[in-house]
Structure formats: C-alpha cells, structure tokens
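The values are calculated or read from the model by the stated rules, or taken from the named source; none is laboratory data. On a predicted model such as this, the values are computed, not experimentally measured, just so you know. Methodologically, a virtual Cβ is constructed for each residue, glycine included, from the backbone with ideal geometry; neighbour enumeration extends over all protein chains shown. With ligands, DNA and RNA removed, areas are computed over all heavy atoms of the protein, side chains included. Shrake-Rupley method; radii C 1.70, N 1.55, O 1.52, S 1.80 Å.
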Amino acid sequence: MARESEFLALDDHALRAVIGPNSRHVALIEDAFKVLIEAPGGGVSINGGARDRANAKAVIAGLIQRAEKGAEVNEADVRAGIGAARGGGKGAHSTDPMALPIGKRGAIVPKTNAQARYLETLASCELTFGVGPAGTGKTFLAAAYGASLLRRGQVDRLVITRPAVEAGEKLGFLPGDLNEKVDPYLAPIWEALNDILGAEDVQRRRDKGEIEAAPIAFMRGRTLSHAFIIVDEAQNTSRLQMKMVLTRLGEGARMVVTGDPSQIDLLNPRDSGLAHALRILKDVKGVGVLAFEAEDVVRHAMVERIVRAYDADATRSRPTPDLEDPSER
C-alpha cells in the first residue's frame, strides 16, 4: 500500500497533548500503526498507509478532545485510544452521559468506549454491576458519578461499603472508632473522592453525614433512600451478604456494585455473591452489567500485560469453575 503524508493543523495546547513528554505519545502511536509522525510547526504530519493514517488520526482526535475539555492527557489515554482504534472505534468516546466533576488533574471523562458505556449504564439503571480486572476505572468512575449526583443535590448521601476480608482480621480487633476501622479498606475510594471533591470537602461532607462508609455487616436492617451506594470489592461478599446489601435500596436510591470475579478471596470461592448475582440478575429490569476486559486497563501498560498473563494461565491450568449451586439446577 502506498505511503502518503497528510498534515493536521493544531494549536499549541493540542499539539503539546498529542506529542506528550519527550515525544512519548507520538512514539506510542508510531509504534502501534507503523506511521511516522513529525511536528514541523503548527501541527503534525502523518506519513503511512491510508488505514494506518486513519487509525493514527482517530487516536490524535481523541487526545485533542480530552485536551479541549481540560482533562490531563497521559500515556494511558494514548493506549486506550490505540485500543479503541484497533477495535474499530474512535480514539475517545465523543459523548458523556452527564457532566462529571473536574478533579485535580482536570475534567473527568471516559478514556475508553467501555468506560463511556459504564457511565451510560450508571445513568440509566437503578442497579449497575461493573466487573473486570484491576485498573479499568470501575471504582474511580463510580465515585466520580456518585460525587456528581451529590454535588447537584440529586441524592442526599453517598454510601460506600465493602467486605473486609483481605487482612484476615475482624474489625473489632482493629484500633479506633468505626471510621478508623473501615478507612484502610476503603483507601482507593477515599483517594478518588479526595481527587474529585478535595480532601476538605470530603471531610466536611463526612462530618455532616453526606458521605458515609461502613462495612457490609453494618448494612443489615437499613433502608437507604435518596442515596447513591457503592459496593466495592463485591467478589468477596457471600451470597447472603450480596442479597442483604442489594435489598437495602430505598426510594430514590441507586447502587453500583464493583468487583473482579477472578480475585475472590473467600475460603469457598463458590459462595461469591457477585458471581451468583450476575447470573441471576443480569436480565432483571433496571439492572445493567458492564464487563471490562484486559484491553480496557488504563492504569499502566504493565497492568494489562499482567492481567492477560494471569488470564492465559488460568485458562491453561483449570477449567472454568462451576459457580452454580447444584441445588438450584
């Protein structure tokens, strides 16, 4: 195929976003599509085959779109755009289902088509399941969405809960009050909220009861009305815990359940409430499921490679576990 060159005119802000630190962004695009990208001034020149140039232009268009929205543009955005272009999509999803807050690093917008569909599902379903590997933005986007609802007064509270099983300790053995016991388990969500709302606003809202964190066990007997509930690390809930927390939904409430079914830490993985709920609720009205894949990882390129290696090993080493209880057949 004949290699031709075309020039894209860019302003200085867009040009810096496309080129990246030490020309790292254009190097990634060049390597992905076997094109040559140069910046002679006032824009970029793309040399390569027609299809390769089109893919490179799609990625660049996505980076420009993020830059114009005030979002930080980093290597994760470039890799996400490359993955979307290879899959026949656009470098970045062109529409946002809602206006998300502006965090410390700029506007929060979906980096992949899967993230965009996730936000659309959050906006349209009372109960959303976001499942998949680490680094896909499941928890961060859920926190951003909940923060946006809270800021606009569409919910009265943001309630965050998760099982505390990783440390192998009972909460009663840990020092401090309830918040001090639970906070270490919720560090990823607090980091996300601090980035989105600011640490002072998060603390003020916690003091007022607008943001609440509690272990799964403390949800029993409650009805959560006009709240947005995040159930994190849900693969480590038991079936009974999952049923209990899902039935806490009250008037005007919405819930998102996040987790990675491949990282179950329960002594009996067959008791995972997440796997069971996905199987029996996927077709229920008002329930949405978004399954992220390894190619949706935006945390670091190495994370995607790690996830793929573990997935491949799991496929080779053992058959897919039958998570269905024989008594329910």
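Applying the selection to the range 31-52, what residues are under 30 Å from the mean Cα position of the chain (by Cα) and crowded, with 19+ Cβ neighbours inside 10 Å? Those that are under 30 Å from the mean Cα position of the chain (by Cα) and crowded, with 19+ Cβ neighbours inside 10 Å: 32, 33, 52. With the structure loaded, tell me whether residue 288 is modelled with pLDDT under 95 and either closer than 25 Å to residue 157 by Cβ or surrounded by fewer than 20 Cβ atoms within 10 Å (Cβ to Cβ) (or both) or whether it fails that test. So residue 288 does not fit the description; no. Only one of the numbered conditions (1) in contact (Cβ under 8 Å) with a residue 60 or more places away in the chain; (2) in a helix (DSSP H, G or I); (3) under 25 Å from residue 306 (Cα atoms) is not met by residue 290, and that is (2). Put simply, of 44, 59 the only residue that is modelled with pLDDT of 90 or more and not in a helix (DSSP H, G or I) is 44. Would you be able to tell me the number of residues in the range 216-226 that are closer than 18 Å to residue 237 by Cβ and either surrounded by fewer than 17 Cβ atoms within 10 Å (Cβ to Cβ) or not assigned by the TED database to the domain that holds residue 186 (or both)? Number satisfying all stated conditions: 5. Among the residues of the range 242-277, the ones that are open to solvent by 10 Å² or more (accessible area, probe 1.4 Å), closer than 22 Å to residue 211 by Cβ and either assigned to a helix (DSSP H, G or I) or not assigned by the TED database to the domain that holds residue 132 (or both) come to 2 in all. For the range 113-133, the criterion of being crowded, with 23+ Cβ neighbours inside 10 Å and at positive phi is met by at least one residue. Applying the criterion of being charged (D, E, K, R) and within 15 Å of residue 45 (Cβ to Cβ) to the residues of the range 1-26, the residue that is surrounded by the fewest Cβ atoms within 10 Å (Cβ to Cβ) is 4.
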